[in-house]
Structure formats: structure tokens, C-alpha cells
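Visitor: Right, I'll just put the structure down here and ask away after.
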Amino acid sequence: MRSVEAAPGSVASLFDERGRFLGRAFYSDRSQISVRMVTNEDVPVDRAFLRKRLLSAAEFRKRVVKDSEVFRLIYGEADGIPSLIVDRYGDYLVMQNLCQSVERLKPVLVELLVELFEPVGILERNDPKVRLLEGLEQRVSVLHGSVPEEVVASEGGIQFIYDLHRGQKTGAFLDQRENHAAAAEYASGEILDCFSYHGGFALSAAARATRVEAVDLSAAAVTAARRNQRLNGIENVTFREANSFNVLKQYDEEDRRFDAVILDPPAFAKNRDSIPAAQRGYKEINLRALKILRPGGYLVTCSCSHHLSEALFLQIVAEAAIDARRNVVVVERRTQSRDHPILLTVPETHYLKCLILRVL
Ligand code: SAH
């Protein structure tokens, strides 16, 4: 940028070197991302403008969200309001304002969310670390109405207890919602769900399975998953606290067999430098998982690393299949749920990969 005449957090007009208007953008004086494009048109980014974008986002959700009281209503750039996240959990909304401008627009955004969606409460989950890069403080507070410690809402016919104040992200991994339902279609017999968090995959698959074993390293996640299980009266799932790497290794060595294995680890590649180590991690768990599958069994394997492309993920899993001496077909190549849209021109927004594979 040649010159800046804009206040931090303002909506600035952008001009090229010859003074031609390029559009309007959110301006940040702290972040490496100093401008975030909002519109190419010479129009004010005011209440009416934001109202239109919120309504358009909601309209799209009506089309693509089925059978769920829980979904992402606004997904930043992909809904034309960069750095704004709004998730719906039944009667409640959770908001994240991740740049200076959407922080400054918070009062009008809250007003609009109340007017358009009539939530019982709105919580700001403004505790992500990226806020610090914007010079914004981390905080969690109720912005409208009231938000209880726990909210119960249903996702694909299963009730979940959400801790909006403290749960990961805004309370759940909403990006996996459609994959929970997709994976359940292939469920049968004995299933192993590694990295199970609150039981999204395990509980969705339970109805079609004989038995599901689910493991997570976090004691809190296991406790939450068990409560979700009881709430739904599901009996054939066992959640336990364990390291998935160890469990997979042990079952491989003991020749235990499963009809389906689900792998949904946290992002192993947090940045470009960690790609090689991440590759080894993904290879290890996918290799073990393929080895413990019965013939005809399914592997549901995910990677949510932004820095690892789908092509590379497919290659890693292919190498695992070769090493495991398994013939594998790709049944589905999936991604994040449609309420987390991918921007065509920003490949990094395609961050979640979910492959459904079948071992011959
Ligand atoms: N499958 C879940 C989301 C999983 S998020 C869903 O669809 O909702 C990743 C989970 O992996 C977290 O709950 C984290 O506690 C867990 N985790 C991280 N490292 C682990 C490990 N080595 N073994 C088992 N669980 C682990």
C-alpha cells in the first residue's frame, strides 16, 4: 500500500495508483492483513448493507441446512462480511468479531441479529488468539438477553449439550455436521471413533452399529460425550480417555478388527513448517486404521489442516494403503459442511478434508 488515510477499524475506500476506485474494505492498522475487501461497489457499508448480507447468508442456510438446530449462520469472507462468525445453537447465537472493523460494528451487528433472528441470547466468544494480532482484547460476554451455562439442541436427530461459554471454537465442530450424517450411512458392526470430542461421529453412527468404541485424550471431552450419550439413551457406545495413536497401535499389534474406523484429529499442520511432521502423523494413524479394518470395512478420515491440500492428503492416505497392503476405493471426497462455504478464489478456505474409503 502506498498511502493510508483511514482510522483503525474503519471501512475504507480503496484506490489504485491512478486514483481509480477499487472498492470498500475493512482496515486494520495492526494485522498483517491490513485490508479485507467488503465490496467492489461504491456504496456505504452501513446498517442497510449489513442487513442485506446477513439476510442473504440466512437465506442460503435455509436451503442447505436440514435436520439441525445448530449451524454456522455467518462465515466471514464467504458471506461477504470478513472476520465475522455467527453460529446458531437453537435459540442462541454465538458471535466472533475477529478484526478491528467488525469489532467496531459490533453494536449494529447485535441490533441486526436481534431484529432478524430473534435469539433468546447472544454470546460473544471473542477469546480466539487472532484477536491479539488485531490489538483487540480476548473476552467472552453476553451481548443480548441471557445465555445459560448449557444449551441443548439437536443435530441430525441427536441431542447435544453445548457449552457455548467454554467449549472448543464456539462450542462445537459445526464444520463436521454433514460428515457425521454421511459417515453414519456406512456404519455397521464394530466401529472405532478416534478423536471423538463430544461424540459427533460415534453417536450418529450408533444406531446402525453393533458397538462403537470412542477415544479422546481429553477427560472433559469424554465426560461431555458420555452425558450426550445418556441424554439420547444410546447404550452401545463406550467413550474412554486415551491417546488414539496408542490405541491404534495396540489394536494393530493385537490383530483386533473393526468394520469402520473414524479419524478426526486436530490440525497436525498448524503452519507450513510443520507439514512434514504432520504428514508423518497422518500417515501413522491412517496406516494403522487401514490395517485393523475388516474386508469391506470403511475408513472415514479427516484433516482440518489449512496448510495441507486435499491432493497431499490423498497422497498420504494412498501411501498408507500401499504400506498396509490394502486395496482401497474412494467412496466419497467430502469437505466442511455447506454452511462453511469455500471461496472459489481462496483455496485455503477449503480446509476440511473428509475422505470415506472402503477396503476391498
Ligand atoms: N470428531 C469430533 C471433533 C474432534 S476434534 C467431532 O466431529 O465433533 C479433535 C479431538 O481430538 C479433540 O477432542 C481433542 O481432545 C482430541 N485429541 C487430540 N489429540 C488426541 C490424541 N492423541 N488422542 C486422542 N484424542 C486426541
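Visitor: Against the empirical 2.2 N^0.38 Å scaling, what ratio does the C-alpha Rg of the range 1-69 come to?
Guide: Normalised Cα radius of gyration, the range 1-69: 1.43.
Visitor: Between ASN97, ASN286, ASN243, where does the largest GNM mean-square fluctuation fall for the chain, given springs only between Cα atoms within less than 10 Å?
Guide: For the chain, modelled as a Gaussian network with Cα springs under 10 Å, the answer is ASN243.
Visitor: May I ask you to derive the FRET efficiency for SER13 and ARG333 from their Cβ-Cβ distance with R0 = 41 Å, giving the value to the nearest 0.05?
Guide: Computed FRET efficiency for SER13 and ARG333: 0.50.
Visitor: When Lys and Arg each count +1 and Asp and Glu each count -1, what net charge do the other residues less than 11 Å away from ARG333, Cβ to Cβ, add up to?
Guide: 0
Visitor: How big, in percent, is the set of alpha carbon pairs in the range 1-125 lying more than 22 Å apart?
Guide: Summing the P(r) of the range 1-125 above 22 Å gives 36 percent of all pairs.
Visitor: Follow-up question, since we're still on this one. Using only the alpha-carbon atoms, how far is helix 275-291 inclined from the longest principal axis of the chain? Give it as 0 to 90 degrees, nearest 10.
Guide: 40 degrees
Visitor: Just the ratio, please: alpha-carbon radius of gyration of the chain over 2.2 N^0.38 Å, N its number of residues.
Guide: 1.06
Visitor: Compute the relative contact order of the chain as a whole-number percentage, counting only Cα pairs closer than 8 Å that sit 6 or more residues apart in sequence.
Guide: Once normalised by length, the contact order is 11 percent.
Visitor: Any idea how far apart ARG47 and ALA207 come out in nm if each label point goes 7 Å out from Cα toward Cβ?
Guide: Each label point is offset 7 Å from its Cα along the Cβ direction, giving 4.5 nm.
Visitor: Quick check: the angle from helix 47-64's long axis to the longest principal axis of the chain, C-alpha only, nearest 10 degrees?
Guide: Around 20 degrees separate the two axes.
Visitor: OK, next. Distances over 14 Å make up what percent of all Cα-Cα pairs in the range 62-145?
Guide: 63 percent
Visitor: With everything on Cα atoms, drop me the angle between helix 219-231 and the longest principal axis of the chain, reported from 0 to 90° to the nearest 10.
Guide: Approximately 80 degrees, to the nearest 10.
Visitor: I want the antiparallel fraction of DSSP beta bridges within the chain, as a percent rounded to 5.
Guide: Taking every DSSP beta bridge with both residues in the chain, the antiparallel ones total about 65 percent.
Visitor: For the range 147-286, what percent of Cα pairs sit more than 27 Å apart?
Guide: In whole percent, the share of Cα-Cα pairs in the range 147-286 beyond 27 Å is 20.
Visitor: Now for a separate question. Just how many pairs of Lys in the chain have C-alpha atoms closer than 20 Å, counting pairs that are eight or more places apart or on different chains?
Guide: Counting lysine pairs in the chain gives 14.
Quick note: the coordinates plus some simple rules give every number you see, no bench work behind them. None of these values were measured; they are calculated from a predicted model. Cβ atoms come from the backbone with ideal geometry, glycine included; neighbour counts cover every protein chain shown.
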